[in-house]
Amino acid sequence: MRNIKHKINPFLVDLTINKRSKNIRVSVLGKDENVIVNKRTGEVSGTHITTYKQVDDTKFVKLFTQNIALTFDLTSAGIKAFNVLMFAVQYQAINSDSVFLDENTLEEFFKTRTFKNLSIKTLYRGINELIKSQVIAKSNRIGVYFINPSFCFNGDRLAFTTIIERKNKEDLAKLEK
């Protein structure tokens with residue numbers, strides 16, 4: 001599009017930008033079924049940016065973990081615990097909704113990973129973050145946790161959406177009081 005001249009603005013319709021390893025689609029919120037409604041004002045407009053990217057298994061888990069960490073403001077301990085959780089889901093939770101997260105799971109995790117800078121104390125701190133974020137829940141058995149299937153699954157496709165809304169002046173005034 002760099003050297004092409006246009007009679008009308010090409011950005012007024014849905015736009016797909018092809019990059020090397022991904023497609024980025026930019027569209028208007030409120031069009032067709034692509035709607036997010038502001039409950040206070042009823043407004044249904046905005047911009048929706050969707051990125052489509054194909055990656056291998058290792059990169060998929062890494063990106064998934066990074067996005068979960070950002071979404072739930074996980075600390076380093078929470079991110080490390082989430083990595084152990086995903087390992088446990090992959091190898092323990094086949095047709096099950098629970099996993100063991102204990103010293104034995106951590107030892108098994110270390111056999112398949114190159115980094116070993118995760119103590120059992122840090123794992124338990126991270127597990128508490130995952131419980132607080134409702135990614136997992138304690139069961140009545142020690143070391144066994146129920147997984148939230150919305151976050152921990154053996155699927156191969158996921159989408160993260162972040163809605164950024166500018167605060168209006170009334171909201172800012174309320175915060176200042």
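In the stretch 118-133, how many are farther than 21 Å from residue 149 by Cβ and small (Gly, Ala, Ser)? Of the residues in that region, 1 qualify.
Residue-wise test of (1) touching a Lys or Arg at 6+ places or on another chain (Cβ under 8 Å); (2) under 19 Å from residue 116 (Cα atoms); (3) assigned to a helix (DSSP H, G or I).
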{"residue": "62", "(1), (2), (3)": "no, yes, yes"}
{"residue": "68", "(1), (2), (3)": "no, no, yes"}
{"residue": "79", "(1), (2), (3)": "no, yes, yes"}
{"residue": "82", "(1), (2), (3)": "no, yes, yes"}
{"residue": "89", "(1), (2), (3)": "no, no, yes"}
{"residue": "96", "(1), (2), (3)": "no, no, no"}
{"residue": "99", "(1), (2), (3)": "no, no, no"}
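Scanning the stretch 101-111 for residues that are acidic (Asp, Glu) and not in a helix (DSSP H, G or I) yields a count of 1.
The numbered conditions (1) part of a helix (DSSP H, G or I); (2) closer than 20 Å to residue 150 by Cβ; (3) not aromatic (Phe, Trp, Tyr) are all true for residue 58 except (2).
Within the stretch 135-152, the set of residues being outside any strand (DSSP E or B) and at pLDDT below 90 comprises 135, 148, 149, 150, 151, 152. Under the condition of being free of Cβ contacts under 8 Å to residues at least 40 places away in the same chain and either of a type in the set (A, V, I, L, M) or in contact with a strand residue (DSSP E or B) (Cβ under 7 Å, 6 or more places away or on another chain) (or both), which residue from the stretch 100-141 is nearest to residue 69 (Cα to Cα)? Among those residues, the one meeting the criterion is 131.
The values are calculated or read from the model by the stated rules, or taken from the named source; none is laboratory data. On a predicted model such as this, the values are computed, not experimentally measured, just so you know. Heads up, the Cβs are rebuilt from the backbone with ideal geometry, glycines too, and the neighbour counts pull from every protein chain shown.
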